[in-house]
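Comments concern the structure below.
Rule-based calculations on the coordinates, nothing more; no lab input. Note that the coordinates shown come from a computational prediction; the quantities given were computed from them, not determined experimentally. With ideal geometry, Cβ positions are generated from the backbone for all residues, glycine too; neighbour counts draw on all protein chains shown.
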Amino acid sequence: MDRPTFALPPIPPRVHRVLLFVAMRSEADPIARALGATDGTARIGDAHIELLVPGADPVLGVDRLGPVHAASALARALCSAPPDLVVNMGTCGGFESQGLGIADLVVVRDAMFHDARVALDGFDALARAHTRLSPSESQLEAIAARTSARIGLASSGSSLDATADELALFRRTHTLAKDMELAALAVVCREAGVPLAALKGVTDLVDHHEPTHEAFLRNLTRTTDRIAQSAAAFFGQLV
């Protein structure tokens, strides 16, 4: 498997402020309830957790999905007061060929962009932005044990579906999760020098014949509930 080109700083021994990024309100609400959040904030131990959701587009009224909106929202948030840790929780596509099923969890070791195709030396690695996230191997293993999650690579792109070339890349890199924001968040965190960790839940199987949007909508509630049920255990290993 390709090795990450970039690496984020480790999670500090004491975490006092966490920014929890969730792309969609329908994903965020169950997590907020599970954490006992009030007015978008919650507390676990000594850590204060602030929920960040990009919100709805004022013209179309739909969630601001995708890498551009994710990066923009996080960059604005980091300008005011950088947290000790950024966490991304949300849904993803999984891979039947990797033994994943609906509502299974992935705790992310590294992230990249799968739809970055730049056939120029150096620029290709920059566009791919393959980045090792902040949790140590022992932290990843502890989270996986507590949440029954798999540990591995998440790949981000701007589209809900995947091309044949992207499917081949997923096979070659043993990708476990396909989403639409994590690699963009990793770029922002790398530039700001802020640690990042992520937990993803599978709503659809990328290498299955069923149309992605149909599986996503049918399984959204089930999967977000599973993420929410595991949120406290995830944070408990990091803060």
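Values for this structure:
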| read-out | value |
| --- | --- |
| About the Cα centre, charge dipole magnitude for the chain (Lys/Arg +1, Asp/Glu -1 at Cβ), debye | 560 debye |
| Residue list for region 29-48, given a label point 7 angstrom along the Cα-to-Cβ vector of H16 and an amide N cut-off under 13 Å | 46-48 |
| Fluctuation leader among L60, L185, L160 - the chain, Gaussian network, Cα springs under 10 angstrom | L60 |
| Cβ-Cβ FRET estimate between T5 and D207, R0 fixed at 35 Å, reported to 0.05 | 0.85 |
| Vicinal HN-Hα couplings computed from phi for region 47-58 (Karplus, 6.51 cos²θ - 1.76 cosθ + 1.60; Hz; Gly/Pro x) | 8, 9, 10, 10, 7, 10, 10, x, x, 8, 5, x |
| Tail beyond 23 Å, pair distance distribution of region 106-235 (Cα, percent) | 34 percent |
| Which of C189, F170, A215, positive extreme of dipole for the chain (C-beta unit charges) | C189 |
| In nm, spacing of pseudo-spin labels at I151 and L126 (7 Å Cα→C-beta vector) | 3.3 nm |
| Within the chain, helix-based [θ] at 222 nm, where runs of 4 or more DSSP H residues each add -39,500 (n - 2.57), nearest 500 | -11500 deg cm²/dmol |
| The chain, relative contact order in percent, only Cα pairs under 8 angstrom and at least six apart counted | 31 percent |
| Residues whose placed amide H lies under 5 Å from that of L20, excluding near-sequence neighbours | E50, L51, L52, V87 |
| Share, in percent, of DSSP beta bridges within the chain that are antiparallel, nearest 5 | 30 percent |
| Using distinct alpha-carbon pairs, which all enter the 1/r mean, Kirkwood radius of region 61-178 in Å | 15.8 Å |
| Efficiency of FRET between H48 and S136 - r from beta-carbon atoms, R0 22 angstrom, step 0.05 | 0.45 |
| Length added when fully stretched, R117-R222, from 0.36 nm per residue minus Cα-Cα | 34.4 nm |
| Prolate/oblate/rounded label for region 1-56 (Cα gyration tensor, a/c 1.5) | oblate |
| Contour excess over end-to-end distance, with Cα ends at A164 and A233 and 0.36 nm allotted per residue | 21.2 nm |
| Equivalent ellipsoid dimensions for region 13-231 as semi-axes, Å, which come from the Cα gyration tensor, largest first | 24, 20, 18 |
